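Before any comments, here is the structure.
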Amino acid sequence: MPFKAMAIVRPRLTEHYGLSLAQATVPFAIPFLDEDLPLYVDPFLLWKSPSQQDYSLHASMIQSFNRLGLEANKGKLDEVTALFIQMSECDEVGLGSSATRIGKRIGKNTAEQILQLFARIPRYASGGMGHLEETQLFIDGLSKDRISDFTCNFVKSFLIDFTIEECERVCLPLTDVTVPNVFDARTHSLVGIKTKLPVHPTTARPIILVPKRWLRLAPWISFDEYFKSYIPKDERFNEVVWDRVNLLSYNRDNWGAVEEYVKLKERTAADCSNDPLFKQIPLISAQRKLAEIQKLPSGKNDNADKKYEDAVTALLANMFYPQLDFADTQVRTDSGAQIRDLIFYNNREVEFLSDIEKQFESRQLVMELKNVAKIEREHINQLHRYLGNEFGRFGVIVTRNPLPRSIRKNTVDLWSGKRVAILPITDADLALMVALFEQKKRPPLDVLKRAYLQFIKECPV
């Protein structure tokens, strides 16, 4: 059953169903509900994978792609063009840069240009391509999102099975759906499949999960890298001002240049790895962020408040990972004051976080950033009003110094009257987090837990 309705910042599928899953603990990318994940499936990761399953999927995809290209040049151009247009977008996976999880397909002209490569380039006409990504080095409009979507559509049958298996493992509800445009490698056609998948709670569109091990920010074989580092540079081209159009045209007439680039990328395949959805900063970077925070004056002079907010955001997003997944920052206004918050998904992966959710109904944790020398009563009231509206009854004020005694009493009074917990995190607490991060014996989240236990001791039973 879905969780009871409540405002969520950057909602994910798991939050909708009340599942306590940290991104680091599952093999799939947890999808957002209202936007795409800014990562892409890189087929090169399947090609170089030690998994026979992944390598076989890549081999099957390339075999099908090449067969379709050759068939198009033997009288089936219109049929295969229509198929390629349909396969150029895969909304079910929610990868890319769309803010709506709905993308646009390529046009007929682009699809035909892909297929014409199998007639124009001798190597492709005789033996086909070795990598789907090679197309972006010849044709405009085939960026990383297109390569990703084509790959997902070619292996969609596998992804459906993967999604069902993972959903059953984590108890994510499945619904009867019909998935369109599933590629059938036996008939080389697209079919609709009736199955069970998770669905978007608003649109009821099916959602397909993708293995994290396949995801990168950009494909290993990349036009952008090729343009930057591999364009012709001998004396014949001294007067050429290279742009995207004339480089693509050059490649079509000199396909050997692309072949050499692809061979180089294959030889360096050991350097190709997936990009994690979140990666902690090194210790030295954490120490630098802490030093940056400690050197800043309180207040707004010389943009100190903005610098403080940026540095604290970067530090805490890393200190609390993987127990808390960072959701987003947001700016709100209260009584004319602009307030910047950090929002974390409460994955409830540890007992402390589970207790916070149960006792305070906090599905997400909100942390208000205040670069002030002394917290005032109005600062507490601002966060209190916000918590009552959206985020349960547990909040954190990240500020420079401990709360004055009168303000501390105010937070205890809020607990007594409305069972609201508002905790401070100070510069000293941030320093302790970085020390724990360095020691690697206890998670920095324990500093927040300690602040909570100290607060509870002060509160009446």
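The values are calculated or read from the model by the stated rules, or taken from the named source; none is laboratory data. These figures come from a predicted structure and were not determined experimentally. Virtual Cβ from ideal backbone geometry, glycine too; neighbours counted across all protein chains shown. Note: areas computed on protein heavy atoms with side chains; ligands, DNA, RNA excluded. Shrake-Rupley method; radii C 1.70, N 1.55, O 1.52, S 1.80 Å.
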Karplus 3J(HN,Hα) series, Hz, for the range 311-316 with 6.51 cos²θ - 1.76 cosθ + 1.60 (x for Gly, Pro): 5, 5, 4, 4, 5, 5
Positive dipole terminus of the range 253-297, leading residue within LEU283, GLN294, ALA270 (C-beta point charges): GLN294
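Around ASP275, what is the net charge, scoring Lys/Arg as +1 and Asp/Glu as -1 over all other residues with Cβ under 11 Å from its Cβ?
On the way: positive: LYS212, ARG213, ARG216, LYS279; negative: ASP42.
Counting the neighbours of ASP275, the net charge comes to +3.
Once you wrap a convex hull around the alpha carbon atoms of the range 191-286, what is its projected area averaged over all directions, in nm²? Display every interim value, and only then the final one.
Details: hull surface 51.5 nm².
Averaged projected area of the range 191-286's Cα convex hull equals 12.9 nm².
Could you tally the net charge around LEU448, taking each other residue with its Cβ under 13 Å from the Cβ of LEU448, Lys/Arg +1 and Asp/Glu -1?
Working: positive: ARG442, LYS449, ARG450; negative: ASP355, ASP429, ASP446.
Summing Lys and Arg as +1 and Asp and Glu as -1 gives 0.
Suppose every Lys and Arg Cβ carries +1 and every Asp and Glu Cβ carries -1, with no other charges. What dipole size does the chain come out with about its Cα centre, to the nearest 20 debye?
Working: 61 positive and 60 negative charges, 252 e Å.
Computed about the Cα centre, the dipole is about 1220 debye.
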Computed log₁₀ I(q)/I(0) - Debye formula, equal Cα scatterers, no solvent, the chain, q 0.06, 0.11, 0.14 Å⁻¹: -0.35, -0.95, -1.24
Accessible surface of the chain [probe 1.4 Å, protein heavy atoms]: carbon and sulfur percent: 50
The range 349-359 - phi-based ³J(HN,Hα) in whole Hz, Karplus 6.51/-1.76/1.60, Gly and Pro as x: 6, 10, 4, 4, 5, 5, 5, 4, 5, 5, 7
Cysteines in the chain that, by Cβ-Cβ distance, have no pairing candidate under 4.7 Å: CYS167, CYS171, CYS272, CYS459
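Which trypsin sites (Lys or Arg not before Pro) in the range 281-321 pass both tests, a DSSP loop state and at most 15 other beta-carbon atoms within 10 Å?
Numbers: sites: ARG288, LYS289, LYS295, LYS300, LYS306, LYS307; in loops: LYS300.
Within the range 281-321, the qualifying trypsin sites (Lys or Arg not before Pro) (loop, at most 15 other Cβ atoms within 10 Å) are LYS300.
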Amide H partners (placed H, <5 Å) of ASP334, local residues excluded: ILE339
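Rounded if a/c is under 1.5, else prolate if a/b is larger than b/c, else oblate: which is the range 326-461, with a ≥ b ≥ c the root eigenvalues of its Cα gyration tensor? Could you put the intermediate results ahead of the total?
Working: a/c = 1.26, a/b = 1.21, b/c = 1.04.
Here the range 326-461 falls in the rounded category.
Tally Lys/Arg at +1 and Asp/Glu at -1 over every other residue whose Cβ is under 12 Å from the Cβ of PRO27; what's the total? The partial results should precede the final answer.
On the way: positive: ARG169, LYS212, ARG213; negative: GLU165, GLU166.
Surrounding charge for PRO27 is +1.
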Farthest positive-ward along the chain dipole, Cα basis, beta-carbon charges - from HIS16, LEU247, LEU197: HIS16
Long-range amide H partners of LEU37 with built H, under 5 Å: PHE32, LEU95, GLY96
THR135 - accessible surface, heavy atoms, 1.4 Å probe, Å² rounded to 10: 0
Percent RCO, i.e. relative contact order, over the range 64-197, from Cα pairs under 8 Å lying at least 6 residues apart: 23
Under-5 Å amide H pairs with ASP325, H placed in peptide plane, nonlocal only: TYR345, ASN347
Size of charge dipole - the range 366-461 - debye, nearest 20, with Cβ of Lys, Arg +1 and Asp, Glu -1, no other charges: 260
Using θ = phi - 60° and Karplus 6.51 cos²θ - 1.76 cosθ + 1.60, couplings along the range 240-247 (whole Hz; Gly, Pro as x): 7, 9, 6, 9, 4, 5, 6, 6
